[in-house]
There are 2 protein chains.
Amino acid sequence: MVTLNDVAKSANVSKMTVSRVINHPEQVTDELKQLVFKAMNELDYHPNLAAKALAANATRIIKLVILEKVDTVEPYYATLLMGVAQFLNAHQYALQVVTQKNADIGECDGYIITGARNDDFTWIQELRKPVILYGENRHHYDFVDSDNKYGTFLSTGAAIKDGYDQIIFLGIELKESFEYSRERGYMDTMQKSGLQPQIIRFGNHSSESQQYIEDHWHEFKPNTCFVCSSDRLAIGVERGIQRMGGSIPEDFGITGFDGVFLDQIAEPKLSTVKQPVMAMGSKIAELLMQKINHGVTTNDQSPERDRTEVMFSPELIRRNTTRNYHLN
Amino acid sequence: MVTLNDVAKSANVSKMTVSRVINHPEQVTDELKQLVFKAMNELDYHPNLAAKALAANATRIIKLVILEKVDTVEPYYATLLMGVAQFLNAHQYALQVVTQKNADIGECDGYIITGARNDDFTWIQELRKPVILYGENRHHYDFVDSDNKYGTFLSTGAAIKDGYDQIIFLGIELKESFEYSRERGYMDTMQKSGLQPQIIRFGNHSSESQQYIEDHWHEFKPNTCFVCSSDRLAIGVERGIQRMGGSIPEDFGITGFDGVFLDQIAEPKLSTVKQPVMAMGSKIAELLMQKINHGVTTNDQSPERDRTEVMFSPELIRRNTTRNYHLN
DNA sequence: TTGTATGCGTTATCAC
DNA sequence: GTGATAACGCATACAA
């Protein structure tokens, strides 16, 4: 293993100079810097993370806490995780995935928390390391999320332009910010166009939306579009329509929301509002690392503090469950 | 932060005694051990991993290398990853997920490698840390896998017992051990029952198997069961049969393979051979840690060496795409 | 069985 | 601008 000392000897400087070249290059003359860089390359030097962590009283470990009860098998979380892992790897941080609230086992330098409900914040408040949340929240914590309202603005708008004259929103029965935002995007867009909004809500299972379609089939006239709050619901709608013999996308349109895996599994493939989940994962990791490097140790979420909010714009993917897909 | 020293003072012993209580408890008298345990609890002592790693010249980082080109979004890998992560967390190891062969960036204590093809082994050979593979291999590397042959023995056998008189195997067009084993399990079971085997292979996409069913629909007489080598293929078959108006499971049976996410998404839900993917992930991590702790640094895969092979038995889940599902 | 000294690789602090 | 020294927390080697 090549150490700081080895490089120092090879470059004929002290090891502190080498350390400075890495951490505070502005304090070293260009001349020495060149020598050190040369030595580092020749010896293929890589800093020892454990030593670094020990000296800095850090762990170089980030915890990803998944609070939802949902199966961690969810492709959605897997994708997010990959995004986080990608950034962390590039910066030599290691990841620990935690699925319960037993996150207090072992130290870490920071937390990424996803799926936090209101009850969870009493626990989150007690964390003594930087925190970034995945998802909007009313507790003034830094977060990354996608612009949910804009997402349903896109899907609802497209349904209108495509000429569907009845546009029904199938939402998730959940008192969460993201769902409110998605419903608002639909409502606003409908009202601006002078159309009558109609919202029905279910648990987020394809069986429930499928059942609904079948039970209420007589109510739906051809030229109806179902704007869904998740791909899961959209898949159920698709099956229900197929079961009842409706034609997709001519008489009945469907748009989903999320764009992770499920949309591609459906047949015909779903038109959907795709969230850049992978990129969002990377961004969260990046923000957390900034916080860590700036020495933020307290989670000051007082209203006075500037809070970091990063919103990603989702994208409408036109595929085969809405008209005009050939225009894509 | 509570250190070894703090505990030592509190227990009125030297810090080495505390260290020994943790690492070599047999060398310490029960009397002192009790004192030390008490102090550790009272002070809520947790060892500093960075220091541990530094002293042991270790990193406490494990790399999970995913070599397949397949999307890491695959629920299959996500589940495996969760299994690995769970075990690692419990033992205070951190995980780095690596998706290319750029695994050489940064040090680690060991590798878990999944999806290794023959070409990959030249690279794997050069790794200077313990390695465990996910999946059978002919290179004498330690591995964990599920008993693929037994899996199709189960699904084929069930199809026979359920009374289907034509049983067709839909396989994946891939020269990999797992596929050979699955086909062999089917072949052997068919031959033992004096039935005529028939194997067709596709790329692992539901669209291909669906297309096949629709194109060859006239060839399939009622009372046929399709034994598939993946849930993906099974879903395509299901759609094809539904499209052509066949009745499931009365006239046409389907069994999948994998049992991760997709089987539940299908409607009707798939009968499938479920692999205990999560448990397999944990087991891999466990084996790797054993290797690390026993100071195995070389990857001796000479035939003389005992190699560790752990095979998990898959389980037949009877759901709604085969008969007699009420017997489950 | 228990304690002391030393070193792991890095960085902060303080001299020069 | 550069170098010597101590310290981070733990574990090995050796001494008692």
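The values are calculated or read from the model by the stated rules, or taken from the named source; none is laboratory data. Every value quoted in this text rests on a predicted model; they were computed, and no experiment measured them. Cβ atoms come from the backbone with ideal geometry, glycine included; neighbour counts cover every protein chain shown. Accessible surface is based on the protein model in full, side chains and every heavy atom, while ligands, DNA and RNA are left aside. Shrake-Rupley method; radii C 1.70, N 1.55, O 1.52, S 1.80 Å.
Tabulated data for the structure shown
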{"read-out": "Yes/no for B:ARG319 being assigned to a loop (DSSP other than H, G, I, E, B), open to solvent by 30 Å² or more (accessible area, probe 1.4 Å) and out of contact with any Asp or Glu (no Cβ under 7 Å at 6 or more places or on another chain)", "value": "yes"}
{"read-out": "Failed item, numbered, when B:ALA234 is tested on (1) open to solvent by 30 Å² or more (accessible area, probe 1.4 Å); (2) within 13 Å of chain A (Cβ to nearest Cβ)", "value": "(1)"}
{"read-out": "Residues of the range B:196-210 satisfying the condition of being surrounded by fewer than 24 Cβ atoms within 10 Å (Cβ to Cβ) and under 18 Å from B:ILE248 (Cβ atoms)", "value": "B:GLN210"}
{"read-out": "Test set (1) closer than 24 Å to B:CYS108 by Cβ; (2) of a type in the set (A, V, I, L, M, F, W, C); (3) more than 10 Å from DNA strand C (Cβ to nearest atom); (4) open to solvent by less than 50 Å² (accessible area, probe 1.4 Å) - A:LEU43 fails condition number", "value": "(4)"}
{"read-out": "Residues that are in a helix (DSSP H, G or I) and either under 24 Å from A:ALA55 (Cα atoms) or assigned by TED's automatic domain parsing to the domain that holds B:ASP109 (or both), drawn from the range B:21-58", "value": "B:ILE22, B:ASN23, B:MET40, B:LEU43, B:LEU49, B:ALA50, B:ALA51, B:LYS52, B:ALA53, B:LEU54, B:ALA55, B:ALA56"}
{"read-out": "Residues of the range B:1-22 classified as of a type in the set (Val, Ile, Thr) and more than 9 Å from DNA strand D (Cβ to nearest atom), total", "value": "3"}
{"read-out": "Hey, A:PHE121 assigned to a helix (DSSP H, G or I), out of contact with any Leu (no Cβ under 8 Å at 6 or more places or on another chain) and modelled with pLDDT of 95 or more or not", "value": "no"}
{"read-out": "Residues being more than 14 Å from DNA strand C (Cβ to nearest atom) and at pLDDT 90 or above - total across the range A:46-74", "value": "4"}
{"read-out": "Test for B:ASN89: is it at pLDDT 90 or above and either open to solvent by 10 Å² or more (accessible area, probe 1.4 Å) or part of a strand (DSSP E or B) (or both)", "value": "no"}
{"read-out": "All positions within the range A:38-50 that are within 13 Å of DNA strand D (Cβ to nearest atom) and free of Cβ contacts under 8 Å to residues at least 40 places away in the same chain", "value": "A:ALA39, A:ALA50"}
{"read-out": "Test: B:GLU183 is open to solvent by 10 Å² or more (accessible area, probe 1.4 Å), within 14 Å of chain A (Cβ to nearest Cβ) and of a type in the set (Asp, Glu)", "value": "no"}
{"read-out": "Count of residues meeting criterion [more than 7 Å from DNA strand C (Cβ to nearest atom) and either surrounded by 13 or more Cβ atoms within 10 Å (Cβ to Cβ) or within 14 Å of chain A (Cβ to nearest Cβ) (or both)] in the range B:1-33", "value": "15"}
{"read-out": "Residues of the range A:189-210 classified as more than 30 Å from the chain's Cα centre (by Cα) and touching a residue at least 12 places away in the same chain (Cβ under 8 Å), total", "value": "2"}
{"read-out": "The lone exception for B:GLY281 - which of (1) within 24 Å of the chain's Cα centre (by Cα); (2) farther than 22 Å from B:GLU214 by Cα; (3) at pLDDT below 95 it fails", "value": "(3)"}
{"read-out": "Any hit, the range B:188-206, residues being within 14 Å of chain A (Cβ to nearest Cβ) and in contact with a strand residue (DSSP E or B) (Cβ under 7 Å, 6 or more places away or on another chain)", "value": "yes"}
{"read-out": "Count of the range A:1-51 residues which are within 26 Å of B:LYS129 (Cβ to Cβ) and among the acidic types (Asp, Glu)", "value": "3"}
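To keep it simple, each residue is scored yes or no on (1) open to solvent by less than 50 Å² (accessible area, probe 1.4 Å); (2) free of Cβ contacts under 8 Å to residues at least 12 places away in the same chain; (3) farther than 30 Å from B:ILE61 by Cβ.
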| site | (1), (2), (3) |
| --- | --- |
| B:TYR134 | yes, no, no |
| B:ASN137 | yes, no, no |
| B:ASP142 | yes, no, no |
| B:SER146 | yes, no, no |
| B:PHE153 | no, no, yes |
| B:ASP162 | yes, no, yes |
| B:ASP165 | no, no, yes |
| B:GLY171 | yes, no, yes |
